[in-house]
Amino acid sequence: MRGECRDEKDELVVRAVDDLARYYKIAQPTWSRLCQHFSDEELMDLVVTIGGYFALAMVVSSLQIEEDET
């Protein structure tokens, strides 16, 4: 289930996540639009942050770490 995006920037971040999950890179049309809203530093932070969450998800899934219910 997906929430609603507040604005175009939110939509582009979600699209970047989808692109990275599907293609392991951000598609050129998405990247071009991201460049209109974010600085080079922000774009680098975005890609690194998304990658970090993907890596964490792989570790948690592979090690079968379950949520603590306390």
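Tell me, yes or no, whether region 26-40 has at least one residue that is of a type in the set (Ser, Thr, Tyr) and in contact with a helix residue (DSSP H, G or I) (Cβ under 7 Å, 6 or more places away or on another chain). Yes, region 26-40 contains at least one residue that is of a type in the set (Ser, Thr, Tyr) and in contact with a helix residue (DSSP H, G or I) (Cβ under 7 Å, 6 or more places away or on another chain). When residues in region 15-43 are screened for being surrounded by 13 or more Cβ atoms within 10 Å (Cβ to Cβ), within 21 Å of Glu4 (Cα to Cα) and small (Gly, Ala, Ser), 1 of them pass. Considering region 44-69, the residues that are open to solvent by less than 60 Å² (accessible area, probe 1.4 Å) and free of Cβ contacts under 8 Å to residues at least 12 places away in the same chain include one that is farthest from Glu4 (Cα to Cα), namely Val60.
The values are calculated or read from the model by the stated rules, or taken from the named source; none is laboratory data. Here the structure is a predicted model, which means the values were calculated and not measured. Virtual Cβ from ideal backbone geometry, glycine too; neighbours counted across all protein chains shown. Accessible surface areas use protein heavy atoms only, side chains included; no ligands, DNA or RNA. Shrake-Rupley method; radii C 1.70, N 1.55, O 1.52, S 1.80 Å.
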